[in-house]
Amino acid sequence: MSLGILSLACGADLATAVAGRLGLAPVPVEERGFEDGEHKIRPMAEVRGLDLYLLQPLFGGPDLSADEKLLRTLFLAAALVDQGAARVTLVAPYLAYARKDRRTKPRDPVSIRYLAQLVEAVGTARVVALDVHNPAAFENAFRIETVHLEARGLFVRRLLPQLAGRAVAVVSPDAGGVKRAEALRRDLEAALGRAVPLALMEKHRSAGVVSGEAFAGEVEGRVAILVDDLVSTGGTMLRCARACRERGAAAVHTVATHGLFTGEAATAVADPLIDGWLVTDSVPPFRLPEALARSRLAIEPVAPLLAEAIRRLHGGGSIVDLVADPAGTLGA
């Protein structure tokens, strides 16, 4: 069964980078719009019998909303199934609606489950996502195969040179991210060959208001590495950075897979409380001023990770050891 990579036009750069690492050219796709706003999407090459990976980040913007990207992705997946593709795998480095994974208030929707039902309904065989908010909720929402990738190996590789000879602490800016922070702490400790403690900031959110000031852990004299799955406005990272500085942290760096940078994020990104921001290109920083993004962000490409995952999935291999990559085996 031959391998194919394709995407919508709005995901073409990433699809081309991933396909290139696999020695392929993306399957061409036609997207045609009509005057009333409807559209037609179809593959422009034979796909019958292929093992297809539809690579489409589902963040909103800059030209299409998350809803528009999702609908077009579903239509393309359905068209591929109709045309006899042997298997269609949706690869969504950023998965829309994954944050709404439980009911926090009466009559709340569980949006990730509804998303899963739509993806399954068009015949998708498998979903691959990168650092979703709650991996367990992601896995439980789908009845088809799910693959959850993590970027922390890429982050460890990127962080190591600037941490040489320095005391380090990993900090979770809220209780919900403790497992994520502990995983990064463990990998950094193994890579550095010395103890790396874990710290935690209290955080409560209700009706958009964030509260909680308690802080547990030792950061004095250390480089504090704040880690989360995504950055939206940057307010959570900034309040945690302030707490670390007040407790004597020598430096503060943030690590997050998905940089949405919405609202007043530019103010947070520019704040000198934080020495640097490390994100992946799962969501390009198009909402930030270009000069600010260039000077304040370090951006790690996800194409090597996605390409290697696809290579292994297509070949029936294991991705269990794909997370830890401190030696840089995935390359850039």
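Annotations
- Restricting segment 123-145 to residues that are among the charged types (D, E, K, R) and surrounded by fewer than 17 Cβ atoms within 10 Å (Cβ to Cβ) leaves a set whose member that is nearest to Ala256 (Cα to Cα) is Glu139.
- The combined condition, being out of contact with any Leu (no Cβ under 9 Å at 6 or more places or on another chain), under 26 Å from Pro304 (Cα atoms) and of a type in the set (Phe, Trp, Tyr), is fulfilled by Phe286.
- Contact map, segment 123-144: first residue closer than 16 Å to Arg312 by Cα and in the same structural domain as Arg103 (by TED's automatic domain parsing), second residue among the aromatic types (Phe, Trp, Tyr) and assigned to a helix (DSSP H, G or I), Cβ cut-off under 7 Å, separation 6 or more or different chains; pairs are Ala129/Phe138.
- Scanning segment 269-320 for residues that are closer than 20 Å to Ser232 by Cβ and basic (Lys, Arg) gives Arg287, Arg296.
- Residues located in segment 269-279, provided they are more than 12 Å from Asp228 (Cα to Cα) and either touching a strand residue (DSSP E or B) at 6+ places or on another chain (Cβ under 8 Å) or at pLDDT below 95 (or both): Val269, Leu273, Ile274, Asp275, Gly276
- Conditions (1) out of contact with any Pro (no Cβ under 7 Å at 6 or more places or on another chain); (2) surrounded by 13 or more Cβ atoms within 10 Å (Cβ to Cβ): number failed by Ala15: (1)
- Here the helices (runs of 4 or more DSSP H) wholly within segment 125-208 that include at least 1 residues being more than 30 Å from Thr89 (Cα to Cα) are 152-163, 178-192.
- Only one entry of Ala214, Ala241 meets the criterion of being on the phi < 0 side of the Ramachandran plot and either basic (Lys, Arg) or at pLDDT 95 or above (or both), and that entry is Ala241.
- If you go through segment 232-251 and keep only what is touching a residue at least 60 places away in the same chain (Cβ under 8 Å), of a type in the set (A, V, I, L, M) and closer than 24 Å to Ser282 by Cα, you end up with just Met237.
- Considering residues of segment 256-270 that are out of contact with any helix residue (DSSP H, G or I) (no Cβ under 6 Å at 6 or more places or on another chain) and closer than 20 Å to Glu300 by Cβ only, the residue surrounded by the fewest Cβ atoms within 10 Å (Cβ to Cβ): Leu260
- Within segment 140-184, tally of residues that are at pLDDT below 95, acidic (Asp, Glu) and out of contact with any helix residue (DSSP H, G or I) (no Cβ under 8 Å at 6 or more places or on another chain): 0
- Selected residue (only one of Ser172, Ser111 is assigned by TED's automatic domain parsing to the domain that holds Ala309, within 20 Å of the chain's Cα centre (by Cα) and among the small types (Gly, Ala, Ser)): Ser111
- When segment 66-116 is filtered for residues that are assigned to a loop (DSSP other than H, G, I, E, B) and farther than 30 Å from Leu3 by Cβ, the ones remaining, listed by number, are Arg99, Lys100, Asp101, Arg102, Arg103, Thr104, Lys105, Pro106, Arg107, Asp108, Pro109, Val110.
- Verdict on Glu290 being at pLDDT 95 or above, farther than 25 Å from Pro26 by Cα and of a type outside the set (Val, Ile, Thr): yes
The values are calculated or read from the model by the stated rules, or taken from the named source; none is laboratory data. Computed from a predicted model, the values in this text were never measured in an experiment. As a convention, Cβ positions derive from the backbone with ideal geometry for all residues, glycine included, and neighbour counts pool all protein chains shown.
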